[in-house]
Amino acid sequence: QGIKKPFTEVIKANIGDAHAMGQRPITFLRQVVALCTYPNLLDSPSFPEDAKKRARRILQGCGGNSLGSYSASQGINCIREDVASYIERRDGGVPADPDNIYLTTGASDGIATILKILVSGGGKSRTGVMIPIPQYPLYSAAISELDAIQVNYYLDEENCWALDVNELRRSLNEAKTYCNPKVLCIINPGNPTGQVQSRKCIEDVIHFAWEEKLFLLADEVYQDNVYSEGCQFHSFKKILYEMGPEYYNNVELASFHSTSKGYMGECGYRGGYMEVINLHPEIKGQLVKLLSVRLCPPVSGQAAMDIVVNPPVPGEESYSQFIKEKESVLNNLAKKAKLTEDMFNKVPGIHCNPLQGAMYAFPRIFIPSKAIEEAKAHKMAPDMFYCMKLLEETGICVVPGSGFGQREGSYHFRMTILPPIEKLKILLEKVKDFHIKFLEKYA
């Protein structure tokens, strides 16, 4: 409307959309999808042979050799085989069955579908779904849409957002008085909190789920995004297998991955998969029926997912460029994670836990009581008030912690670390200056 603002652009640090933030696509992935989309290019000398080989394989799995045909509801067979091989490699030889793999429209679609088949009952027997707080709002939204019962368990901020089984037990026992808690959701690495769970923690959670007969949902879309020294991604499936047959044959587990995060950042393709194990055969039949209602996930997204699980290998001509691009993205993110943590912790009134993984910071902010009063007068949550002021004065858009849930009386915001490093430095300086002025104004 022509009103002069004290900034020249809005920096959208509110959403984990890598390419929108300037990250370059991985060449090999785009080459294969291009070849699949326009097969005439298979004759072009501009494309490497290993990309053509993958494109031909994917097209052979498509009806009429075209990406434009429906696939099986569960996804293209050869891609599900590639996903199973990828899981076996990732987990050091733990077997994976393509029949337990379902290709999905991003991970979100898989999560919503699994919740749909798990929710039942009415009144006190209504299904309760345990979710971490802070959480990714997909969970609260899906639970609300299904009219299920949201059961919160809190991550331990003092202990780098660790997951404590005593807290799970407290939450579960409390929930049993008003619903039937059947599902336990885990996000690892965490969103919005960025923690990476230790092996011991995962074992404890699996034991708890086994003991309480809970269905485990492991959201592992950030499995490639691990930055801190001494941190390592362990899949729930692998640890479950290593805990022995009593666990491995009994705990129901659905785990999820996606093309949207990692080093790929291909959010728009809506590619993803879930692996579901120990599902009763009749329930599995219902799951396939439920999936067939939406016909199939986007076939171009399935092709993109295939490249994530079947990338170039040593000896193939695209390997060196692929590794260079992949490592460049991940090394950059690791630098940005450290920079963000260090910068925030220099600002009085801001505390930020180490960003061990994922692609967000979730710093705790001190909000003076005068600002809390003013927020109330505007009928706003205090951290929403803070984030709106930040947007109005600096053009930086972040998400208030109340959008993810947080302990009563604590305030946070979530910010993505995806902007290019020079822009990120400017952004962090602006947040620092804003925060100091905010404290002075409302002290």
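The values are calculated or read from the model by the stated rules, or taken from the named source; none is laboratory data. Note that the coordinates shown come from a computational prediction; the quantities given were computed from them, not determined experimentally. Note that we place each Cβ from the backbone using ideal geometry, even for glycine, and neighbour counts take in every protein chain shown. With ligands, DNA and RNA removed, areas are computed over all heavy atoms of the protein, side chains included. Shrake-Rupley method; radii C 1.70, N 1.55, O 1.52, S 1.80 Å.
Only one of (1) over 28 Å from the mean Cα position of the chain (by Cα); (2) within 14 Å of S300 (Cα to Cα); (3) surrounded by 18 or more Cβ atoms within 10 Å (Cβ to Cβ) is not met by G75, so which one is it?
It fails just one condition, (1).
Output the residues belonging to the stretch 109-135 that are open to solvent by 40 Å² or more (accessible area, probe 1.4 Å) and touching a Ser or Thr at 6+ places or on another chain (Cβ under 9 Å).
Selection gives S120, G121, K124, R126.
Among the residues of the stretch 264-274, which ones are open to solvent by less than 10 Å² (accessible area, probe 1.4 Å) and part of a loop (DSSP other than H, G, I, E, B)?
Matches in the stretch 264-274: M264, G265, E266.
Quick check on the stretch 218-227. Is at least one of its residues over 30 Å from V33 (Cα atoms) and over 11 Å from the mean Cα position of the chain (by Cα)?
no
Among the residues of the stretch 36-45, which ones are open to solvent by 40 Å² or more (accessible area, probe 1.4 Å) and either under 18 Å from I307 (Cβ atoms) or part of a helix (DSSP H, G or I) (or both)?
Within the stretch 36-45, T37, Y38, P39, N40, L41, D43 meet the criteria.
Say we look at the stretch 394-420 and pick out the residues that are in a helix (DSSP H, G or I) and in contact with a helix residue (DSSP H, G or I) (Cβ under 6 Å, 6 or more places away or on another chain); which of these is farthest from S140 (Cα to Cα)?
Once the filter is applied, the top-ranked residue is T394.
Exactly one condition in (1) assigned to a helix (DSSP H, G or I); (2) open to solvent by 40 Å² or more (accessible area, probe 1.4 Å); (3) under 30 Å from K423 (Cβ atoms) is not met by R56; state its number.
That leaves (3) as the condition not met.
Scan the stretch 1-35 for residues that are out of contact with any Ser or Thr (no Cβ under 7 Å at 6 or more places or on another chain), assigned to a helix (DSSP H, G or I) and under 13 Å from I307 (Cα atoms) and report the count.
Counting residues in the stretch 1-35 that are out of contact with any Ser or Thr (no Cβ under 7 Å at 6 or more places or on another chain), assigned to a helix (DSSP H, G or I) and under 13 Å from I307 (Cα atoms) gives 7.
Give me the residue from the stretch 359-379 that is among the hydrophobic types (A, V, I, L, M, F, W, C) and outside any helix (DSSP H, G or I) and, out of that set, surrounded by the fewest Cβ atoms within 10 Å (Cβ to Cβ).
So the residue we want is F366.
Under 6 Å between Cβ atoms, which residue pairs at least 6 apart in sequence (or on different chains) link something in the stretch 360-385 that is over 14 Å from V399 (Cα atoms) with a partner that is surrounded by fewer than 19 Cβ atoms within 10 Å (Cβ to Cβ)?
Going by the 6 Å Cβ cut-off, the qualifying pairs are F366/G349; P368/Y442; P368/A443; K370/Y442; A371/Y442.
Only one of these is open to solvent by 80 Å² or more (accessible area, probe 1.4 Å) and assigned to a loop (DSSP other than H, G, I, E, B): E327, E317. Name it.
None of the others qualify; the one that does is E317.
Tell me which residues, restricted to the stretch 187-245, are touching a residue at least 24 places away in the same chain (Cβ under 8 Å), over 17 Å from A96 (Cα atoms) and assigned to a helix (DSSP H, G or I).
Scanning the stretch 187-245 gives R199, C201, I202, E203, D204, V205, I206, H207, F208, A209, W210, E212.
Criterion first (at pLDDT 95 or above and under 22 Å from the mean Cα position of the chain (by Cα)) does Y102 satisfy it?
No.
Under the condition of being hydroxyl-bearing (S, T, Y) and within 25 Å of the chain's Cα centre (by Cα), which residue from the stretch 387-417 is surrounded by the fewest Cβ atoms within 10 Å (Cβ to Cβ)?
So the residue we want is S410.
Which of (1) at pLDDT below 90; (2) within 18 Å of A254 (Cβ to Cβ); (3) out of contact with any helix residue (DSSP H, G or I) (no Cβ under 6 Å at 6 or more places or on another chain); (4) not small (G, A, S) is the odd one out, the single condition L138 does not satisfy?
Among (1) at pLDDT below 90; (2) within 18 Å of A254 (Cβ to Cβ); (3) out of contact with any helix residue (DSSP H, G or I) (no Cβ under 6 Å at 6 or more places or on another chain); (4) not small (G, A, S), the lone unmet condition for L138 is (3).
Hey, can you tell me all the residues within the stretch 330-346 that are without any contact (Cβ under 8 Å) to a residue 24 or more places away in the chain and either crowded, with 17+ Cβ neighbours inside 10 Å or polar (S, T, N, Q) (or both)?
Residues satisfying the conditions are N331, E341, N345.
With the requirement that a residue be among the polar types (S, T, N, Q) and in a strand (DSSP E or B), what does the stretch 114-167 give you?
Within the stretch 114-167, T127, Q150, N152 meet the criteria.
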